[in-house]
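The values are calculated or read from the model by the stated rules, or taken from the named source; none is laboratory data. Quick caveat, the model's predicted, so the values are computed rather than measured. All Cβ positions, even for glycine, are placed from backbone atoms using ideal geometry, and neighbour counts span all protein chains on display. Note: areas computed on protein heavy atoms with side chains; ligands, DNA, RNA excluded. Shrake-Rupley method; radii C 1.70, N 1.55, O 1.52, S 1.80 Å.
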Amino acid sequence: MHRSPLGRAVGTATLAFGLALTATGAVSADSVTTDLPADQMAAMQEAFGLSEAGVTDLLDAQAEAAELEAELRDELGADFGGAVFDTDTHELTVQVTDARAIGDVRRAGAEPDLVSHGEDALGDAVAALDTADAPDTVHGWYADPELDSVVIEVDEGAAEDAEALAADAGVDAVTVRESADRPRTYTDIVGGNPYYFQDSGSWYVCSIGFGVVGGYVTAGHCGDEGSDTWNDVPGTQQIGTVAGSVFPKSDMAWVEITNPDFTATPLVNDYEGGAVTVTGSTEAPVGAAVCRSGRTTGWQCGVIEAKDQTVRYPRGQHVHGLTRTTACAEGGDSGGSWLAGTEAQGVTSGGSGDCTSGGTTYFQPVNPILEKWNLTLLTG
């Protein structure tokens, strides 16, 4: 197994609270709780420059936008081209590939945008790039519904490599972006904190994502299937065993708790002595506000920039289907929780930059993890 040396500690309340509380429910997507814990509220106020009332209005608006997006996706069928939420105006823009659908979108309460490609065509382009032989200068690619284009990210000065990759894959709707920062995963060899993996004599630490019936979900790059997870180093108190793990291609895993002293909860640690109670896993739209929890950097907030991104980590490890955000993260945050209000969104995979200068962070969406292993998210 190959890991990138960039992590420090565990990121959610499942360990921070001793895994001592029993959850009271499973996934529910029919409501969004905006009565946030003080620390999550403060993090969102700082990130978006809003009052408490403004944060509540934002979360209510994007919850409504998520429902509207789902309704229009079903109603428009092949004419649905994507959707983007604006955290400033609270407006949902829905892309359509047929002008005859413009009126349907407007009547539903969203702003229509006629595009040439749309998410299905862009998804096909991303899939074509996924099978191409990309050079090391290429960081990854994703579909940007607002641009109606596939964005390919490369090293500075390597735009020609992106153009050649697109040509080889037969993709023409391309925007090239150059960046000095390369994505990396957020794991590391450390000592002294809980939720550890041991590999070849070395200890790795990751953050817990969300409690599920029988265990918790986290990032796949943290540990292989069959690996033991520990609450301490050098491993005197075992928590459980990795029951399933996928990395690369995806970055998902779940740990089955084997120690009866630990019980999974629906909580996410806020690192100030409190916790957020997860209420469901309704997926937020592009442009929505999200916050993440991780032991190294605590609460950090940003917006969803794109979905279904392919990221190329060191050693050519491709991960598909990630969600791209403007929130920062650092070593030790891998596997940690992502929330839109109190709705679970995903677990930290990796990113670039840091929380001093800012960065880009990617998360593995949580619903595909639940679906792959038929898991039930714990909610309160």
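Taking amide hydrogens as placed 1.01 Å from N in the peptide plane, the amide H of GLY82 sits under 5 Å from those of GLN95, GLU119, each at least 5 positions away in sequence or on another chain. Starting from one equal scatterer on each C-alpha and no solvent at all, send me the Debye-based log10 I(q)/I(0) for segment 77-232 at q = 0.14, 0.17, 0.18, 0.20 Å⁻¹, two decimals. The calculated log intensity ratios at q = 0.14, 0.17, 0.18, 0.20 Å⁻¹ are -0.91, -0.99, -1.01, -1.06. Overall, the anisotropy analysis places segment 198-254 in the oblate class: the square-rooted eigenvalues a ≥ b ≥ c of its C-alpha gyration tensor yield a/c not less than 1.5, with a/b not exceeding b/c.
When the alpha carbon gyration tensor of segment 243-332 is reduced to an equivalent ellipsoid, the three semi-axes, largest first, read 24, 20, 14 Å. For the chain, modelled as a GNM whose springs connect Cα atoms under 10 angstrom apart, the maximal fluctuation among PRO285, PRO314, PRO266 occurs at PRO314. Segment 218-250 and segment 106-181 have Cα centres lying 33 Å from one another.
Phi angles of segment 163-178 translate, via the Karplus equation with coefficients 6.51, -1.76, 1.60 and θ = phi - 60°, into HN-Hα couplings of 5, 5, 4, 4, 5, 4, 8, x, 10, 10, 8, 10, 10, 9, 10, 9 Hz per residue; Gly and Pro are given as x. Take every Cα-Cα distance within segment 273-380, group them into 10 Å bins from 0 onward, and report for each bin the whole-number percent of pairs it holds. Going out from 0 Å in 10 Å bins, segment 273-380 shows 15, 50, 31, 4, 0 percent. Placing TYR142, TYR271 in order of accessible area, with the largest value first and a 1.4 Å probe, yields TYR271, TYR142. Hey, if you put +1 on the Cβ of every Lys and Arg and -1 on every Asp and Glu Cβ in the chain, which of THR137, PHE197, ALA61 ends up farthest toward the positive end of that dipole? Looking along the dipole axis, the top candidate is PHE197. Coupling constants for segment 324-332 follow from the phi torsions by the Karplus curve (6.51 cos²θ - 1.76 cosθ + 1.60, θ = phi - 60°), and in residue order they are 9, 9, 8, 6, 8, 7, 9, x, x Hz; glycine and proline get x. Look at the alpha carbon pairs under 8 Å that are at least 6 residues apart: their mean separation over the length of the chain gives a relative contact order of 24 percent. Counted by Cβ distance under 12 Å from ASP181, the other residues give a net charge of -2, where Lys and Arg count +1 and Asp and Glu count -1. The Cα-based radius of gyration of segment 36-163, divided by its Kirkwood radius, gives an Rg/Rh of 1.08. Put a plus charge on the Cβ of each Lys and Arg, a minus charge on the Cβ of each Asp and Glu, and nothing anywhere else: the dipole of the chain about its Cα centre is then about 1320 debye. One entry in (i) 59, 47, 42; (ii) 61, 45, 45; (iii) 63, 46, 38 is Cα extents along the principal axes in Å calculated from the shown coordinates; its label is (iii).
Amide H to amide H, with H built 1.01 Å from N, GLY287 comes under 5 Å of PHE85, ILE304, GLU305, counting only residues 5 or more places away or on other chains.
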